Amino acid sequence: MIFQTETLGEHMAAAVSGLDLGQDIDDETQDALRRVLNDSLVLCIRDQHLAPVAFRDAMARFGTPMLRKQLERTPECAEVNIISSEDRDTLGDGRRLVNGANWHTDDSFMRAPASLTMLYGVVVPSQGGDTQFTNMYAAYDDLPDETRRKIDGLQVVHKYHSRRQITDVSTRPPEEMAAMPAATHPLVRTHPETGRKALYLNPNRMDHVVGLDAAQSDRLFDALIEHATQPKYQYRHKWRKGDVVIWDNRCTMHKANADYPDGERRLMHRVIVAGTEPV
Ligand code: SIN
């Protein structure tokens, strides 16, 4: 199967067209998509028309879809979550929730966080609502040698409710919280497929560096976050209806923008696929 590839950002992100994910995709095409994703970190597949089960099945070619209770699910398919302009904290105080409004990588509070996340633009606003990405390979590669030597080998404790939490996260029932104990991950991780090193930061979930106190941890986290989120490392995705955007949580961070006009809807379907313990 042949598809067309277009570069989107200056140093990351590519768009592919001419593919219907609702049809069978042969192994050669799937391998080619994987190569584009590994090279580009963010892969957009244009012009899709996918019901939830078809979306889940297409994403299952990239890995094992996981159930996520923290977000609402589609009635048709439990592995497809809903991210919507109508999201509210239904177990808490009912406030409006903008999922992922600050820089983050998905699920670093888990022992084996999601490798990839897929978002499908079902309803997109007329303007705004972009998703921003930042390239954590480039951010790591650009650090001074001395900083890299200092941080290679450090371990960070991540929590669902971390000491540094900046984003509203949904209130979860106690039994679910008990199943999400703190997880410890390297501050610099090696991508299992590309072998490249990336900074592994998650501003909302990082609690402290093992062996450093809170103030020392904060100084290091703040400096690295400021460095990694500079505009020169970013790509900003402007959604078109029917885009399926796949990103690699092992070498990127991302953030949502709720800046679309009042009264306009934004509806995304989301699948995340299983990852391995970061090393
Ligand atoms: C997310 O952080 O998973 C959602 C991103 C978005 O809605 O743009």
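The values are calculated or read from the model by the stated rules, or taken from the named source; none is laboratory data. These figures come from a predicted structure and were not determined experimentally. Counting neighbours? That spans all protein chains shown, and the Cβs are built from the backbone with ideal geometry, glycine included. Accessible surface is based on the protein model in full, side chains and every heavy atom, while ligands, DNA and RNA are left aside. Shrake-Rupley method; radii C 1.70, N 1.55, O 1.52, S 1.80 Å.
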Going by average Cβ neighbours within 10 Å, how do the peptides 208-214, 124-130, 76-82, 112-118 rank, with the highest at the top?
-> 112-118, 76-82, 124-130, 208-214
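If you put +1 on each Lys and Arg Cβ and -1 on each Asp and Glu Cβ, how big is the dipole of the range 3-52 around its Cα centre, in Debye rounded to 20? Could the numbers behind the result be given before it?
On the way: 3 positive and 10 negative charges, 42 e Å.
Here the size comes out at about 200 debye.
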Any idea how far apart Ala258 and Asp142 come out in nm if each label point goes 7 Å out from Cα toward Cβ?
-> 2.9
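Under a point-charge model restricted to the Cβ atoms of Lys and Arg (+1) and Asp and Glu (-1), what is the dipole moment magnitude of the chain relative to its Cα centre, in debye to the nearest 20?
Roughly 500 debye for the chain.
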Sequence-distant residues sharing a close amide H with Phe3 (under 5 Å, placed H) = none
Restricting to Cα pairs under 8 Å and 6 or more apart, the percent relative contact order of the chain works out to 33
By how many nm would the segment from Leu154 to Glu28 grow when fully extended, if each residue of separation counts as 0.36 nm and the alpha-carbon distance is taken off?
-> 41.5 nm
Any chance you could get the radius of gyration and Dmax over the Cα atoms of the range 4-273, in Å?
-> 18.2, 53
Using a 1.4 angstrom probe on heavy atoms only, work out the carbon and sulfur share of the accessible area of the range 4-273 in %.
-> 47
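Give the calculated FRET efficiency between Leu267 and Arg111 to the nearest 0.05, with a Förster radius of 30 Å applied to their Cβ-Cβ distance.
Values: r = 31 Å, r/R0 = 1.03.
Plugging the Cβ-Cβ distance into 1/(1 + (r/R0)^6) gives 0.45.
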Answer with one residue from Asn99, Ala78, Tyr120: the one whose Cα lies farthest towards the positive end of the charge dipole of the chain, charges on Cβ with Lys, Arg +1 and Asp, Glu -1.
-> Asn99
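Work out how much length Ala182 to Asp213 would gain on full extension: take 0.36 nm times their residue separation and subtract the Cα-Cα distance, in nm to one decimal.
Numbers: separation 31, 0.36 × 31 = 11.16 nm, distance 1.68 nm.
Full extension from Ala182 to Asp213 adds 9.5 nm.
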Residue with peak Gaussian network fluctuation, the chain [Cα springs, cutoff 10 Å], from Pro203, Pro261, Pro174 | Pro174
